[in-house]
Amino acid sequence: MSYVLDTSIIIDLQKKKMSTIEKLKILSMLNPNPAKITFITEFEFLFGIKERSHKNIRRSIEFIRDFQILQSTPETAAVLAELKYKYGSKGINFSLSDLLIASIIISHNMTLVTRDKDFENIQELKKIIIE
């Protein structure tokens, strides 16, 4: 089972937040495969750095490019439609970006590592929510 890091975790890593780094070290002992990110996380991260200085933007891009990027697949679209319908019909709304991240991870049979508690409510998603 491979881990996929959410944007909240990527930001913590770039900021060198020790509590997150320590938790990821423990997880890497359970699964030494390199963690991945989704293209949505890549987008959110790149969008978030737009107002930084040129030097910091360059460093941030180099940082994010070290991760393997998971893309959507035809199965991702089917999972996304199912999740949107299931939760929407119950009146439970998620952001499209969160549903895309969840759909990509579900379709690749991986586990999300996040600090975002919104993912708790997506039952189909394997996840580790750290604090």
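The values are calculated or read from the model by the stated rules, or taken from the named source; none is laboratory data. What you see is a predicted model, and the numbers here were worked out from it, not measured in a lab. FYI the Cβ positions are ideal-geometry reconstructions off the backbone, even for glycines, and counts take in every protein chain you see.
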Output for region 43-77, where each listed residue is farther than 22 Å from D118 by Cβ, in a helix (DSSP H, G or I) and out of contact with any helix residue (DSSP H, G or I) (no Cβ under 8 Å at 6 or more places or on another chain): H54, K55, N56, I57, R58, R59, E62, P74
Kindly establish whether E44 is acidic (D, E) and touching a residue at least 40 places away in the same chain (Cβ under 8 Å). yes
Pairs where the first residue, in region 102-122, is free of Cβ contacts under 8 Å to residues at least 60 places away in the same chain and among the basic types (K, R) and the second is surrounded by fewer than 22 Cβ atoms within 10 Å (Cβ to Cβ) and not in a helix (DSSP H, G or I), C-beta under 7 Å, 6+ apart: K117/I129
Within region 87-106, is there a residue that is modelled with pLDDT of 95 or more, within 21 Å of P32 (Cα to Cα), of a type in the set (S, T, N, Q) and surrounded by 13 or more Cβ atoms within 10 Å (Cβ to Cβ)? no
Touching a Phe, Trp or Tyr at 6+ places or on another chain (Cβ under 7 Å), within 28 Å of L80 (Cβ to Cβ) and of a type in the set (S, T, Y): does that describe T38? no
Region 14-42, residues that are among the hydrophobic types (A, V, I, L, M, F, W, C), outside any loop (DSSP other than H, G, I, E, B) and either surrounded by 11 or more Cβ atoms within 10 Å (Cβ to Cβ) or in contact with a helix residue (DSSP H, G or I) (Cβ under 8 Å, 6 or more places away or on another chain) (or both): I21, L24, L27, I37, F39, I40
